[in-house]
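Trainee: Sharing a structure with you now.
The values are calculated or read from the model by the stated rules, or taken from the named source; none is laboratory data. No experiment lies behind these values; they were computed from the predicted model shown. No Cβ is skipped: glycine too gets one built from the backbone with ideal geometry, and neighbour counts run over all protein chains shown.
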Amino acid sequence: DGGITQSPKYLFRKEGQNVTLSCEQNLNHDAMYWYRQDPGQGLRLIYYSQIVNDFQKGDIAEGYSVSREKKESFPLTVTSAQKNPTAFYLCASSYLGTNYGYTFGSGTRLTVV
Amino acid sequence: AQSVTQPDIHITVSEGASLELRCNYSYGATPYLFWYVQSPGQGLQLLLKYFSGDTLVQGIKGFEAEFKRSQSSFNLRKPSVHWSDAAEYFCAVGLNRDDKIIFGKGTRLHILP
């Protein structure tokens, strides 16, 4: 079945370490997105990519980095520069030219210890 | 600037009662409109979407939503809620086919037995 897979589901990181969250889709979607979710703040866009080897900053890109080397994959790195990285991270994907909506992964909960 | 407002942070209804979740958007033209649902610790699932045409749209799980241009609203309704409907609900807006979707901050629905 087609879908979008995020891994791992839970991730613990020590302060000062970088960590990479995985997002893979087999829906042949063009665009991919990373959101951060905190209680009471809804979804905030970190980065998005509409084509391979190209991506744009969202509203809260500071302290994060991404790559899009393959259409299917859009990993997110949370760097040590991110001051408050503990959050729930959601990856999504969509077709372009339709706005049929996004398909979401099941999320990764990152905790800094 | 484009925005989405969900005025109610929490709503509590009794099982079997009717439900209406409010959503207002700010945009000059008719946007693409969506409702998503999120169970705890999970990703978002698309309930329904509106692009054009009939202003009353049907979605999954017995939900419907009505687009009212004069009120810039897209309220979600269900005639009779079930305990399994307890979740967080997000309204979202897209300006055009290739634009990012902007999410409201969500409404958490609680169901009384």
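Trainee: Within the bounds of the range B:42-57, is there any residue that is away from chain A (no Cβ under 12 Å), within 22 Å of A:G97 (Cβ to Cβ), loosely packed, with under 13 Cβ neighbours inside 10 Å and not aliphatic (A, V, I, L, M)?
Mentor: Taking every residue of the range B:42-57 in turn, at least one turns out to be away from chain A (no Cβ under 12 Å), within 22 Å of A:G97 (Cβ to Cβ), loosely packed, with under 13 Cβ neighbours inside 10 Å and not aliphatic (A, V, I, L, M).
Trainee: So which residues in the range A:21-54 are within 12 Å of chain B (Cβ to nearest Cβ) and of a type in the set (S, T, Y)?
Mentor: Answer for the range A:21-54, where residues must be within 12 Å of chain B (Cβ to nearest Cβ) and of a type in the set (S, T, Y): A:Y33, A:Y35, A:Y47, A:Y48, A:S49.
Trainee: Between a residue in the range A:56-74 that is free of Cβ contacts under 8 Å to residues at least 60 places away in the same chain and of a type in the set (S, T, Y) and any residue that is outside any strand (DSSP E or B) and surrounded by 16 or more Cβ atoms within 10 Å (Cβ to Cβ), which pairs come within a Cβ distance under 7 Å, given they are 6 or more apart or on different chains?
Mentor: A:Y64/A:Q82; A:S67/A:P75
Trainee: Considering only the range B:73-113, state which residues are farther than 30 Å from A:I51 by Cα and surrounded by fewer than 17 Cβ atoms within 10 Å (Cβ to Cβ). Break it down stepwise before answering.
Mentor: Just the residues of the range B:73-113 that are farther than 30 Å from A:I51 by Cα, to begin with: B:73-88, B:107-113.
If the condition is that a residue be farther than 30 Å from A:I51 by Cα and surrounded by fewer than 17 Cβ atoms within 10 Å (Cβ to Cβ), then B:R77, B:P79, B:S80, B:H82, B:W83, B:S84, B:H110, B:L112, B:P113 are the ones that fit.
Trainee: Can you tell me which residue within the range A:92-102, out of those that are facing chain B (nearest Cβ under 8 Å) and not small (G, A, S), is nearest to B:F103 (Cα to Cα)?
Mentor: A:Y102
Trainee: Whether any residue in the range A:54-66 is in contact with a Gly (Cβ under 7 Å, 6 or more places away or on another chain) and either modelled with pLDDT under 95 or not acidic (D, E) (or both) is what I want to check. Walk me through it before giving the result.
Mentor: Taking the range A:54-66 as the starting set, the residues that turn out to be in contact with a Gly (Cβ under 7 Å, 6 or more places away or on another chain) are none.
There is no residue in the range A:54-66 that is in contact with a Gly (Cβ under 7 Å, 6 or more places away or on another chain) and either modelled with pLDDT under 95 or not acidic (D, E) (or both).
Trainee: Another question, if that's okay. For the range A:16-48, give me each residue that is touching a Phe, Trp or Tyr at 6+ places or on another chain (Cβ under 8 Å) and under 16 Å from A:T86 (Cα atoms).
Mentor: If the condition is that a residue be touching a Phe, Trp or Tyr at 6+ places or on another chain (Cβ under 8 Å) and under 16 Å from A:T86 (Cα atoms), then A:L21, A:W34, A:Y35, A:R36, A:Q37, A:D38, A:G42, A:L43, A:R44, A:L45, A:I46 are the ones that fit.
Trainee: Same structure again: Of (1) more than 10 Å from every other protein chain (Cβ to nearest Cβ); (2) surrounded by fewer than 12 Cβ atoms within 10 Å (Cβ to Cβ), A:S67 satisfies all except one. Which?
Mentor: (2)
Trainee: Which one of the conditions (1) of a type in the set (A, V, I, L, M, F, W, C); (2) farther than 28 Å from B:L112 by Cβ; (3) without any contact (Cβ under 8 Å) to a residue 12 or more places away in the chain does B:L56 fail to meet, given that it meets all the rest?
Mentor: With respect to (1) of a type in the set (A, V, I, L, M, F, W, C); (2) farther than 28 Å from B:L112 by Cβ; (3) without any contact (Cβ under 8 Å) to a residue 12 or more places away in the chain, B:L56 is out only on (2).
Trainee: Going by the structure shown, is B:V4 in contact with a Leu (Cβ under 7 Å, 6 or more places away or on another chain) and not small (G, A, S)?
Mentor: So B:V4 does not fit the description; no.
Trainee: Looking at B:E64, is it closer than 21 Å to B:I11 by Cα, in contact with a Lys or Arg (Cβ under 7 Å, 6 or more places away or on another chain), at pLDDT 95 or above and within 11 Å of another protein chain (Cβ to nearest Cβ)? Before the answer, list the steps.
Mentor: On the way: closer than 21 Å to B:I11 by Cα: yes; in contact with a Lys or Arg (Cβ under 7 Å, 6 or more places away or on another chain): yes; at pLDDT 95 or above: yes; within 11 Å of another protein chain (Cβ to nearest Cβ): no.
It is false that B:E64 is closer than 21 Å to B:I11 by Cα, in contact with a Lys or Arg (Cβ under 7 Å, 6 or more places away or on another chain), at pLDDT 95 or above and within 11 Å of another protein chain (Cβ to nearest Cβ).
Trainee: Got a sec? Which of A:N84, A:N26 is surrounded by fewer than 14 Cβ atoms within 10 Å (Cβ to Cβ), at pLDDT below 95 and not hydroxyl-bearing (S, T, Y)?
Mentor: Only one candidate passes the filter, namely A:N84.
Trainee: While we're here: When only residues in the range A:26-45 that are over 11 Å from the mean Cα position of the chain (by Cα) and charged (D, E, K, R) count, which is nearest to B:G41 (Cα to Cα)?
Mentor: Checking each candidate, the answer is A:D38.
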